[in-house]
Each structure stands twice: as C-alpha cells, then as structure tokens.
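First comes the structure, then the notes that go with it.
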Amino acid sequence: MITIVTPVYNGERFIESCLQTVIAQHCPEIEHLIIDGHSRDRTLKIIQNYADRYPHIRWISEPDRGQSDAMNKGIRLARGEIITFLNVDDYYESGVLNQIVQRFKTLPEPSFLVGNCRIWNDHGQIIDINKPAKLKLFDLVLGLNVNPYPCNPCAYFYHRSLHQKIGNYSIDDHHAMDLDFILRMVQVAHVYYVDQIWGNYRRIEGTKTFIDMENGTADRRVRQILKKYRQHLTPAQQIHWLSWQLCNQVRTIALLSLRAIRKSFHIILNNPAR
C-alpha cells in the first residue's frame, strides 16, 4: 500500500483539489494521510467533509514545529510500505499511483523510484520540466545546473523502511530537507529513474520556496548542502570532482576570453582606422 502524506497549514485554497487528485487516481491500495498544523481557516472543515465519505483519508490536526515535523509525523503514522508526499498545491498525472503499486512489486527493498515533474507558475504556464536522470551521489554534488535533483516529492516514491537506515527529515530545516534527504538516500537505496511525467508542482508567488529562490537564499542553501555531502565522496571521487571543477573553470575562462576577443574584433570592424 502507498501512504500519501500531505502536510498542510491554512491551506483552504488548495486542500480540496489535493484530496480530489488522489481520489481521481482510482487506486485501491492507498491511504491519504493529512497532517494539519492546527489550521485557522476552513481547511479542517473541508478535510472532515471528505474523510466522512472516503475511508482512505486519515487526518490529524495539532500544532507542529513546521513542515519537516509534519512530514516526520506522517512517516510515523503511515500504514503503507511505500511513502510519498503530496504538498497541498501539487497534483499527480492520471493513473500514476496504480503504476507505482505495480512497479514496486518487483523492486528490492529499500528502493527509491523517481519520475519527471512539470513545474507551473501562477498563470498556469509550464516553466520547466524536472528530469532527474542522474541520481548517484557524485552526479548530484556536481551542482543542480549539471544534474538536477528531484525538485518535488509528488514525482518520487520510496520504501518506508528507508527511514530505518537514514533517519527522518531534519526537524530544523524547513526549506531544503528534501535535498538533504535525497543526498542521504542515494547512498543506501536502490535508485530507479523513469522518464515519464508523474507529478505537477506549482511554484506559487509568496510561498517560502518562491521567496527563497527570488532573493537567492535557496541557491546559497543548496550550495552549502552540496559542499557538506561532497565530504561523503570516496577519495577517488573527490579527486575526480576536483578535476572536473578545474576543467570547468578552465572552460569558463576560455569562453569568457573568446567572447572578449569577438567583442574586440567587432569594435575594430565597425570602427576602422582612418
């Protein structure tokens, strides 16, 4: 069974569509676990209304210490052997959950299974498609501009037993806990990538993620985490990484020099000596 964990706080704008996207999957082997942080809006009323009609929906509502705390509560309460997280404003592609159930029947434990994810803006436009095809630790620490990591949990699924090996989400990190988890996970799990779109992630203005990306905080935080996990590389991999970094720097300098030369020729050609 798959346990879908949805952390939410004052999410009345999206909670109904979140519940509906799971219902629309028509997957009998699921539970949808809503971890509410004691919302003050209509979130709880909407959840209760659906839970009364759909037995796969379970929920709790109590104050928490943020998103990571809510996620860890969901892991502890989960009945399914497969875990995934669906943020209140995100949704699945049609038929994904039944496909995941079938795929996990043949996967060794613990496994991490990831697909692609569309990224949408507030205007209903696709701004990117996250395709995290390379998921070894060395690949990921090269940087997100080289090998992207899974940007949203609606497009990945894993055995709950994985947490017995690497622990839960960092309770003090409310921004990059996904990346930290993934960098720990790839060191112990059987990792599989499927080149199909499974999830849809709304990058909404005003959210903590959007604000972090706009002011550059997210980029600095990611670089700090990648630096931390480079220490987990083997000595041979660290030498490989240093060589890659040196080659990349040389390539960048060469490119900048070439641009400067082209600019100089352009100036000379357009301003011939008299």
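Laboratory data are not the source of any read-out in this text; all were calculated from the coordinates shown. This is a predicted model, so every value here is computed, not measured. In this analysis, Cβ positions are derived from the backbone assuming ideal geometry, glycine residues included, and neighbour counts consider all displayed protein chains.
Here are the numbers:
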{"quantity": "Cα-centred dipole magnitude for segment 50-165, charges only on beta-carbon of K, R (+1) and D, E (-1), debye, nearest 20", "calculated": "480"}
{"quantity": "Under 12 Å from the Cα of K228 - aspartates and glutamates, other chains or at least 8 residues apart", "calculated": "D180"}
{"quantity": "Contact order normalised by residue count of the chain, Cα under 8 Å, 6+ apart, percent", "calculated": "19"}
{"quantity": "Neighbour-count order for D172, D180, fewest beta carbons within 10 angstrom listed first", "calculated": "D172, D180"}
{"quantity": "Cα centroid separation, segment 146-183 to segment 39-69 (Å)", "calculated": "23"}
{"quantity": "Among T6, N49, S243 - extreme Cα towards positive end, dipole of the chain, charges at beta-carbon", "calculated": "S243"}
{"quantity": "Net charge, L97 excluded, C-beta distance under 12 Å - Lys, Arg +1, Asp, Glu -1", "calculated": "-2"}
{"quantity": "Cα shape, segment 1-74, gyration tensor, a/c 1.5 rule", "calculated": "oblate"}
{"quantity": "³J(HN,Hα) computed for each position of segment 46-62 - Karplus, 6.51 cos²θ - 1.76 cosθ + 1.60, integer Hz, glycine/proline x", "calculated": "5, 4, 4, 4, 6, 5, 5, 9, 10, x, 6, 9, 10, 7, 9, 9, 6"}
{"quantity": "D128 long-range amide H proximity, modeled H, under 5 Å", "calculated": "I119"}
{"quantity": "Shape of segment 64-194, Cα gyration tensor, a/c cut at 1.5", "calculated": "rounded"}
{"quantity": "Segment 232-237 - phi-based ³J(HN,Hα) in whole Hz, Karplus 6.51/-1.76/1.60, Gly and Pro as x", "calculated": "8, 6, 5, x, 5, 5"}
{"quantity": "Over the chain: helical MRE at 222 nm, DSSP H runs n ≥ 4 each giving -39500 (n - 2.57), nearest 500", "calculated": "-13000 deg cm²/dmol"}
{"quantity": "Helix 217-230 axis, angle to the chain major axis (alpha carbon atoms, nearest 10°)", "calculated": "90"}
{"quantity": "Magnitude of the charge dipole, segment 2-230, Cβ model with Lys/Arg +1 and Asp/Glu -1, debye to 20", "calculated": "600"}
